[in-house]
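A short worksheet on the structure shown next.
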Amino acid sequence: MVVDKLIVEDDPELMRWISDGRRSVRQTYNPVNVTRRYVWVVGVLGALSLVALTLQLFRTTGARAGLPVIPFQPPPPLVELVPVPAGTFEMGAVNTDACANRDEETPQHTVLITRPFAIGRTEITRGEYIEIMGDRPDPDLPGGHDHPVAFITWFDALEFCNRLSQREGLRLCYRRTAEGIVCDFTADGYRLPTEAEWEYACRAGTVGLFSSGTHIGGCGPDNTSSDLESVAWYGANSGGAAHPVGQKAPNPWGLFDMHGNIWEWCWDSYNYYEEAYDAPISDPANSGSGSFRVLRGGSWFGIAADCRSAARFANVPDQTDEDFGFRIARTLPQAETGPAPAALEFDTIPQ
(Lines give C-alpha, C1' and ligand atoms only; values in the text may rest on other atoms or scores of the structure.)
Protein backbone atom coordinates (compact mmCIF):
# COMPACT_ATOMS: atom_id res chain seq x y z
CA MET A 1 0.00 0.00 0.00
CA VAL A 2 1.38 3.48 -0.94
CA VAL A 3 0.47 6.39 1.34
CA ASP A 4 0.78 9.87 -0.08
CA LYS A 5 3.17 11.93 2.08
CA LEU A 6 1.03 15.02 1.88
CA ILE A 7 -2.04 13.16 3.01
CA VAL A 8 -0.14 11.74 5.96
CA GLU A 9 1.24 15.08 7.02
CA ASP A 10 -2.21 16.65 6.74
CA ASP A 11 -3.74 13.91 8.92
CA PRO A 12 -2.18 13.89 12.45
CA GLU A 13 -4.31 10.94 13.49
CA LEU A 14 -2.99 8.73 10.67
CA MET A 15 0.55 9.92 11.43
CA ARG A 16 0.27 8.70 15.01
CA TRP A 17 -1.08 5.31 13.78
CA ILE A 18 1.90 4.77 11.46
CA SER A 19 4.39 5.91 14.13
CA ASP A 20 2.93 3.53 16.70
CA GLY A 21 3.08 0.68 14.17
CA ARG A 22 6.76 1.26 13.44
CA ARG A 23 7.60 1.26 17.15
CA SER A 24 5.76 -2.05 17.55
CA VAL A 25 7.68 -3.60 14.67
CA ARG A 26 11.01 -2.39 16.05
CA GLN A 27 10.19 -3.90 19.46
CA THR A 28 9.12 -7.22 17.92
CA TYR A 29 11.85 -7.56 15.34
CA ASN A 30 14.91 -5.77 16.66
CA PRO A 31 18.04 -6.81 14.70
CA VAL A 32 20.20 -6.26 17.75
CA ASN A 33 18.06 -8.60 19.86
CA VAL A 34 18.09 -11.28 17.14
CA THR A 35 21.87 -11.06 16.88
CA ARG A 36 22.24 -11.43 20.65
CA ARG A 37 20.03 -14.53 20.68
CA TYR A 38 22.02 -16.07 17.81
CA VAL A 39 25.31 -15.47 19.59
CA TRP A 40 23.88 -17.01 22.79
CA VAL A 41 22.68 -20.19 21.00
CA VAL A 42 26.01 -20.60 19.20
CA GLY A 43 27.84 -20.18 22.49
CA VAL A 44 25.76 -22.86 24.23
CA LEU A 45 26.27 -25.34 21.39
CA GLY A 46 29.99 -24.65 21.38
CA ALA A 47 30.19 -25.27 25.11
CA LEU A 48 28.35 -28.59 24.81
CA SER A 49 30.69 -29.69 22.01
CA LEU A 50 33.67 -28.82 24.16
CA VAL A 51 32.30 -30.88 27.05
CA ALA A 52 31.72 -33.88 24.76
CA LEU A 53 35.24 -33.63 23.35
CA THR A 54 36.70 -33.37 26.84
CA LEU A 55 34.84 -36.50 27.96
CA GLN A 56 36.05 -38.40 24.90
CA LEU A 57 39.66 -37.37 25.53
CA PHE A 58 39.25 -38.34 29.18
CA ARG A 59 38.00 -41.81 28.25
CA THR A 60 40.82 -42.44 25.76
CA THR A 61 43.73 -40.94 27.72
CA GLY A 62 42.56 -41.30 31.30
CA ALA A 63 43.95 -44.82 31.69
CA ARG A 64 47.40 -43.76 30.50
CA ALA A 65 47.34 -40.82 32.92
CA GLY A 66 46.34 -43.03 35.85
CA LEU A 67 42.88 -41.49 36.07
CA PRO A 68 39.64 -43.48 36.50
CA VAL A 69 37.97 -44.37 33.20
CA ILE A 70 34.23 -45.00 32.86
CA PRO A 71 33.89 -48.63 31.67
CA PHE A 72 31.56 -49.81 28.93
CA GLN A 73 28.25 -50.89 30.43
CA PRO A 74 26.52 -53.59 28.34
CA PRO A 75 22.73 -53.84 28.51
CA PRO A 76 21.27 -56.21 31.11
CA PRO A 77 20.77 -59.83 29.97
CA LEU A 78 17.69 -60.26 27.82
CA VAL A 79 17.13 -63.97 28.50
CA GLU A 80 16.98 -65.57 31.94
CA LEU A 81 19.33 -68.55 32.26
CA VAL A 82 19.55 -71.25 34.93
CA PRO A 83 23.02 -72.46 36.01
CA VAL A 84 23.53 -76.20 35.52
CA PRO A 85 26.42 -77.91 37.34
CA ALA A 86 28.79 -80.42 35.80
CA GLY A 87 27.79 -84.03 36.43
CA THR A 88 27.10 -87.52 35.13
CA PHE A 89 23.91 -89.07 33.76
CA GLU A 90 22.60 -91.96 31.68
CA MET A 91 21.75 -90.75 28.18
CA GLY A 92 19.26 -92.51 25.95
CA ALA A 93 16.31 -94.81 26.49
CA VAL A 94 16.31 -97.76 28.87
CA ASN A 95 15.73 -101.22 27.40
CA THR A 96 12.33 -101.45 29.08
CA ASP A 97 11.02 -98.28 27.38
CA ALA A 98 8.43 -99.76 25.03
CA CYS A 99 8.11 -96.48 23.10
CA ALA A 100 11.83 -96.12 22.37
CA ASN A 101 13.08 -96.10 18.82
CA ARG A 102 15.74 -98.79 19.19
CA ASP A 103 17.81 -97.57 16.27
CA GLU A 104 17.92 -93.96 17.41
CA GLU A 105 17.58 -93.90 21.21
CA THR A 106 19.52 -96.92 22.45
CA PRO A 107 21.75 -98.14 23.97
CA GLN A 108 21.63 -96.04 27.08
CA HIS A 109 25.17 -94.88 27.92
CA THR A 110 26.99 -92.88 30.60
CA VAL A 111 27.86 -89.28 29.75
CA LEU A 112 30.07 -86.89 31.71
CA ILE A 113 29.22 -83.19 31.52
CA THR A 114 32.53 -81.64 32.57
CA ARG A 115 31.69 -78.02 31.70
CA PRO A 116 29.16 -76.24 33.90
CA PHE A 117 26.76 -74.30 31.73
CA ALA A 118 23.62 -72.20 31.91
CA ILE A 119 20.50 -72.85 29.88
CA GLY A 120 17.38 -70.80 29.18
CA ARG A 121 14.70 -71.08 31.82
CA THR A 122 12.21 -71.08 28.93
CA GLU A 123 12.27 -71.34 25.18
CA ILE A 124 13.09 -68.14 23.31
CA THR A 125 9.91 -66.11 22.99
CA ARG A 126 8.67 -64.06 20.07
CA GLY A 127 9.31 -60.88 22.02
CA GLU A 128 12.94 -61.83 22.72
CA TYR A 129 13.47 -62.82 19.10
CA ILE A 130 12.06 -59.54 17.79
CA GLU A 131 14.26 -57.58 20.22
CA ILE A 132 17.40 -59.07 18.67
CA MET A 133 16.45 -59.88 15.08
CA GLY A 134 14.03 -57.05 14.33
CA ASP A 135 11.05 -59.15 13.24
CA ARG A 136 9.53 -62.57 13.75
CA PRO A 137 9.35 -65.44 11.26
CA ASP A 138 5.91 -66.61 12.42
CA PRO A 139 3.57 -63.59 12.02
CA ASP A 140 0.57 -65.70 11.03
CA LEU A 141 0.54 -67.87 14.17
CA PRO A 142 -1.86 -66.97 17.00
CA GLY A 143 -0.62 -65.70 20.34
CA GLY A 144 1.49 -62.88 21.69
CA HIS A 145 5.09 -62.04 22.46
CA ASP A 146 5.15 -64.47 25.40
CA HIS A 147 4.72 -67.48 23.09
CA PRO A 148 7.75 -69.44 21.92
CA VAL A 149 9.01 -68.18 18.58
CA ALA A 150 8.43 -70.71 15.79
CA PHE A 151 9.31 -71.31 12.15
CA ILE A 152 12.97 -71.15 13.20
CA THR A 153 15.73 -72.82 11.21
CA TRP A 154 18.92 -74.08 12.83
CA PHE A 155 20.76 -71.24 11.08
CA ASP A 156 18.29 -68.69 12.49
CA ALA A 157 19.02 -69.94 16.00
CA LEU A 158 22.80 -69.61 15.54
CA GLU A 159 22.47 -66.09 14.18
CA PHE A 160 20.29 -65.09 17.15
CA CYS A 161 22.94 -66.44 19.55
CA ASN A 162 25.75 -64.47 17.90
CA ARG A 163 23.73 -61.25 17.74
CA LEU A 164 22.72 -61.54 21.40
CA SER A 165 26.35 -62.20 22.39
CA GLN A 166 27.48 -59.14 20.44
CA ARG A 167 24.82 -56.96 22.06
CA GLU A 168 25.96 -57.98 25.55
CA GLY A 169 29.67 -57.67 24.84
CA LEU A 170 30.40 -61.41 24.95
CA ARG A 171 32.74 -63.46 22.80
CA LEU A 172 30.90 -65.04 19.86
CA CYS A 173 30.61 -68.84 19.85
CA TYR A 174 29.92 -69.36 16.15
CA ARG A 175 32.07 -68.63 13.11
CA ARG A 176 32.13 -69.88 9.57
CA THR A 177 35.21 -71.65 8.20
CA ALA A 178 36.06 -73.45 4.98
CA GLU A 179 34.87 -76.67 6.66
CA GLY A 180 31.57 -75.15 7.78
CA ILE A 181 30.21 -73.53 10.96
CA VAL A 182 32.20 -74.25 14.12
CA CYS A 183 31.37 -73.60 17.77
CA ASP A 184 33.87 -72.32 20.33
CA PHE A 185 32.70 -73.93 23.57
CA THR A 186 35.28 -71.93 25.57
CA ALA A 187 33.66 -68.62 24.57
CA ASP A 188 31.36 -66.92 27.07
CA GLY A 189 28.75 -66.03 24.46
CA TYR A 190 25.41 -67.63 23.77
CA ARG A 191 24.97 -70.86 21.82
CA LEU A 192 22.62 -73.79 21.39
CA PRO A 193 22.95 -76.59 23.94
CA THR A 194 24.55 -79.79 22.78
CA GLU A 195 22.21 -82.76 22.60
CA ALA A 196 23.84 -84.23 25.71
CA GLU A 197 23.51 -80.94 27.63
CA TRP A 198 19.87 -80.72 26.59
CA GLU A 199 18.98 -84.21 27.84
CA TYR A 200 21.01 -83.71 31.04
CA ALA A 201 19.09 -80.49 31.77
CA CYS A 202 15.76 -82.06 30.78
CA ARG A 203 16.19 -85.04 33.07
CA ALA A 204 17.38 -82.79 35.92
CA GLY A 205 18.54 -85.78 37.94
CA THR A 206 15.55 -87.98 37.10
CA VAL A 207 15.68 -91.38 35.38
CA GLY A 208 12.08 -91.91 34.18
CA LEU A 209 10.41 -91.38 30.84
CA PHE A 210 9.70 -87.77 31.79
CA SER A 211 11.16 -85.53 34.48
CA SER A 212 7.71 -85.71 36.08
CA GLY A 213 7.17 -89.50 36.10
CA THR A 214 6.99 -92.69 34.07
CA HIS A 215 3.36 -93.21 33.09
CA ILE A 216 2.47 -93.41 29.42
CA GLY A 217 -0.74 -94.81 27.96
CA GLY A 218 0.73 -97.03 25.28
CA CYS A 219 2.87 -96.11 22.30
CA GLY A 220 0.23 -95.78 19.58
CA PRO A 221 -0.56 -92.68 17.51
CA ASP A 222 -2.82 -91.16 20.18
CA ASN A 223 -0.91 -92.03 23.36
CA THR A 224 -1.18 -89.77 26.39
CA SER A 225 0.45 -89.53 29.80
CA SER A 226 -1.03 -88.50 33.14
CA ASP A 227 2.51 -87.65 34.32
CA LEU A 228 2.96 -85.30 31.38
CA GLU A 229 -0.15 -83.19 31.94
CA SER A 230 1.42 -81.02 34.65
CA VAL A 231 4.63 -80.15 32.78
CA ALA A 232 3.88 -80.14 29.05
CA TRP A 233 1.67 -78.81 26.28
CA TYR A 234 1.30 -81.62 23.77
CA GLY A 235 -1.27 -82.99 21.35
CA ALA A 236 -3.71 -84.18 24.00
CA ASN A 237 -4.03 -80.89 25.90
CA SER A 238 -2.70 -78.04 23.72
CA GLY A 239 -5.84 -77.33 21.73
CA GLY A 240 -3.78 -77.40 18.54
CA ALA A 241 -1.46 -74.48 19.25
CA ALA A 242 1.58 -73.42 21.26
CA HIS A 243 1.06 -71.69 24.61
CA PRO A 244 2.88 -68.89 26.47
CA VAL A 245 6.13 -70.15 27.97
CA GLY A 246 6.33 -71.03 31.65
CA GLN A 247 2.67 -71.86 32.25
CA LYS A 248 3.19 -75.51 33.16
CA ALA A 249 5.21 -76.73 36.15
CA PRO A 250 9.02 -76.65 35.82
CA ASN A 251 11.29 -79.67 36.07
CA PRO A 252 13.33 -80.23 39.29
CA TRP A 253 16.00 -77.75 38.13
CA GLY A 254 13.52 -74.95 37.44
CA LEU A 255 13.34 -75.29 33.64
CA PHE A 256 9.99 -74.84 31.89
CA ASP A 257 8.64 -76.58 28.79
CA MET A 258 11.50 -79.04 28.38
CA HIS A 259 8.69 -81.44 27.48
CA GLY A 260 6.31 -80.29 24.75
CA ASN A 261 5.21 -76.84 23.55
CA ILE A 262 7.82 -76.63 20.79
CA TRP A 263 10.67 -78.72 19.35
CA GLU A 264 14.07 -77.27 20.27
CA TRP A 265 17.13 -77.23 18.03
CA CYS A 266 20.41 -78.54 19.46
CA TRP A 267 23.93 -77.98 18.13
CA ASP A 268 24.69 -81.57 17.11
CA SER A 269 24.46 -83.16 13.72
CA TYR A 270 22.27 -86.26 13.89
CA ASN A 271 23.77 -89.74 14.13
CA TYR A 272 22.78 -93.03 15.69
CA TYR A 273 24.30 -93.93 19.02
CA GLU A 274 27.10 -96.45 18.89
CA GLU A 275 26.14 -100.10 19.41
CA ALA A 276 28.27 -100.31 22.53
CA TYR A 277 30.25 -97.95 24.74
CA ASP A 278 33.36 -99.19 26.52
CA ALA A 279 33.65 -96.16 28.82
CA PRO A 280 31.77 -92.99 29.78
CA ILE A 281 31.82 -90.24 27.15
CA SER A 282 32.84 -86.69 28.11
CA ASP A 283 30.95 -83.73 26.68
CA PRO A 284 29.79 -85.31 23.41
CA ALA A 285 29.04 -82.71 20.74
CA ASN A 286 28.66 -84.16 17.28
CA SER A 287 29.74 -81.18 15.21
CA GLY A 288 30.19 -83.10 11.99
CA SER A 289 28.83 -81.82 8.72
CA GLY A 290 25.90 -84.22 8.62
CA SER A 291 22.80 -83.37 6.63
CA PHE A 292 20.51 -83.34 9.68
CA ARG A 293 20.56 -81.49 13.01
CA VAL A 294 18.97 -82.67 16.25
CA LEU A 295 15.68 -81.42 17.72
CA ARG A 296 14.50 -82.39 21.20
CA GLY A 297 11.52 -82.13 23.54
CA GLY A 298 8.40 -82.77 21.46
CA SER A 299 5.76 -80.12 20.81
CA TRP A 300 2.15 -79.01 21.14
CA PHE A 301 1.42 -81.04 18.01
CA GLY A 302 2.94 -84.37 19.05
CA ILE A 303 2.03 -87.42 21.11
CA ALA A 304 3.29 -88.14 24.62
CA ALA A 305 6.01 -90.50 23.36
CA ASP A 306 7.59 -87.61 21.42
CA CYS A 307 8.01 -85.70 24.67
CA ARG A 308 10.05 -88.35 26.52
CA SER A 309 13.41 -87.20 27.90
CA ALA A 310 15.21 -89.62 25.56
CA ALA A 311 13.12 -88.94 22.43
CA ARG A 312 15.09 -87.71 19.41
CA PHE A 313 14.07 -86.00 16.21
CA ALA A 314 16.05 -84.38 13.38
CA ASN A 315 15.67 -82.24 10.31
CA VAL A 316 17.84 -80.43 7.78
CA PRO A 317 19.21 -77.18 9.24
CA ASP A 318 17.50 -74.87 6.74
CA GLN A 319 14.11 -76.53 7.24
CA THR A 320 11.52 -75.15 9.61
CA ASP A 321 7.96 -75.71 10.75
CA GLU A 322 5.31 -74.16 12.95
CA ASP A 323 6.56 -76.12 15.97
CA PHE A 324 10.35 -75.62 15.53
CA GLY A 325 11.99 -73.27 18.04
CA PHE A 326 14.95 -73.21 20.42
CA ARG A 327 16.40 -72.27 23.80
CA ILE A 328 19.91 -70.97 24.38
CA ALA A 329 22.85 -71.90 26.60
CA ARG A 330 26.24 -70.54 27.75
CA THR A 331 29.40 -72.17 29.06
CA LEU A 332 30.09 -71.09 32.65
CA PRO A 333 33.17 -71.03 34.88
CA GLN A 334 33.08 -73.69 37.58
CA ALA A 335 32.55 -71.09 40.32
CA GLU A 336 29.19 -69.97 38.93
CA THR A 337 27.37 -73.23 39.70
CA GLY A 338 26.67 -75.17 42.85
CA PRO A 339 26.64 -78.90 43.54
CA ALA A 340 24.49 -81.12 41.34
CA PRO A 341 21.02 -81.82 42.79
CA ALA A 342 20.36 -85.39 43.87
CA ALA A 343 18.84 -87.76 41.32
CA LEU A 344 15.15 -88.56 41.57
CA GLU A 345 14.05 -92.13 40.93
CA PHE A 346 10.58 -93.42 40.15
CA ASP A 347 9.10 -96.68 41.34
CA THR A 348 8.04 -98.13 38.02
CA ILE A 349 9.15 -98.03 34.41
CA PRO A 350 6.60 -99.28 31.87
CA GLN A 351 7.39 -102.60 30.21
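Values computed for the structure shown
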quantity: Condition met for residue 241 (touching a residue at least 24 places away in the same chain (Cβ under 8 Å), on the phi < 0 side of the Ramachandran plot and part of a loop (DSSP other than H, G, I, E, B)); calculated: yes
quantity: Options 317, 250, 280; residue that is within 26 Å of residue 222 (Cα to Cα) and surrounded by fewer than 24 Cβ atoms within 10 Å (Cβ to Cβ); calculated: 250
quantity: Some residue of region 240-253 being within 23 Å of residue 162 (Cα to Cα) and touching a Leu at 6+ places or on another chain (Cβ under 7 Å); calculated: no
quantity: Identity of the residue in region 183-223, touching a strand residue (DSSP E or B) at 6+ places or on another chain (Cβ under 6 Å) and part of a loop (DSSP other than H, G, I, E, B), that ends up nearest to residue 153 (Cα to Cα); calculated: 192
quantity: Out of 305, 241, sole residue that is in the same structural domain as residue 328 (by TED's automatic domain parsing), closer than 16 Å to residue 209 by Cα and out of contact with any Ser or Thr (no Cβ under 6 Å at 6 or more places or on another chain); calculated: 305
quantity: Residue 120, sole failed condition from (1) more than 16 Å from the chain's Cα centre (by Cα); (2) buried (at least 18 other Cβ atoms within 10 Å of the Cβ); calculated: (1)
quantity: Residue satisfying all of: in region 86-96; part of a loop (DSSP other than H, G, I, E, B) and at pLDDT 95 or above; surrounded by the fewest Cβ atoms within 10 Å (Cβ to Cβ) among these; calculated: 86
quantity: Residues that are part of a loop (DSSP other than H, G, I, E, B), of a type outside the set (A, V, I, L, M), out of contact with any helix residue (DSSP H, G or I) (no Cβ under 6 Å at 6 or more places or on another chain) and in contact (Cβ under 8 Å) with a residue 40 or more places away in the chain, drawn from region 117-167; calculated: 121, 122, 123, 137, 138, 142, 143, 144, 146, 151, 153
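The values are calculated or read from the model by the stated rules, or taken from the named source; none is laboratory data. Just so we're clear, the structure is a prediction, and the values are computed from it rather than from any experiment. Note that each Cβ is placed from the backbone with ideal geometry, even for glycine, and that neighbours are counted across all protein chains shown.
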